[in-house]
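See below for the structure under consideration.
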């Protein structure tokens with residue numbers, strides 16, 4: 001007897017963008033304030049039933065802080081990453097969800113900016129950063145709104161004895177382009193077939 005089992009999650013593919021209210025913390029960080037920056041990218045939501053979902057994302061993500069040197073003025077320290085959040089979503093109902101998960105970020109640029117003058121600072125910043133995210137999400141059909149607190153877990157400063165970590169409040173607006181509801185399954189999205197697994201067992 002041939003028994004076929006199909007493991008298929010309901011998948012939604014979308015885009016998102018929004019604001020980062022970024023800051024930095026650490027024993028060696030002082031006289032600084034929040035920096036407003038941007039993020040944007042794509043996400044895939046794997047829905048497992050009515051309560052649970054897994055959502056990996058790929059974002060271009062700007063963080064940093066603003067340092068105040070008094071009479072010498074203010075300087076923006078901005079770091080730009082390609083970030084990969086791996087979020088687990090617990091759905092309270094069709095509208096609200098709680099989400100949490102780790103985030104791995106890869107540095108693309110770090111710079112100090114004073115007005116029209118910018119200095120590349122990438123050599124002083126670690127190339128990768130680990131973080132953790134926790135937040136709330138709201139779904140309105142294909143539209144979604146997310147608020148997260150993103151805390152840096154790893155030190156981004158290369159200099160020995162110096163500790164600097166990122167801290168970001170993130171607000172996002174997303175739109176699901178494909179899938180994401182009960183009427184659309186993987187069978188209707190053949191270009192996602194690698195995520196549609198078949199397991200066979202032959203009983204003789």
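Extending each Cα 7 Å along its Cβ direction at residue 28 and residue 60, get the distance between those two points in nm, one decimal.
Computed distance between label sites residue 28 and residue 60 equals 3.0 nm.
Label residue 21 and residue 142 with points 7 Å out from Cα along Cα→Cβ: what is the distance between them in nm?
3.0 nm
What distance in nm separates the simple spin-label points at residue 93 and residue 116, each placed 7 Å from Cα in the Cβ direction?
If labels sit at residue 93 and residue 116, their model points lie 5.5 nm apart.
Show me the ranking of peptides 51-58, 165-172, 69-76, 89-96 by mean Cβ neighbours inside 10 Å, starting with the highest.
The peptides rank, most packed first, as 165-172, 51-58, 89-96, 69-76.
Readers should treat all values here as calculations from the given coordinates under stated rules, not as data from a laboratory. Just so you know, these numbers come straight off a predicted model, no measurement behind them. Glycine gets a Cβ as well: all are built from the backbone with ideal geometry, and neighbour counts include every protein chain shown.
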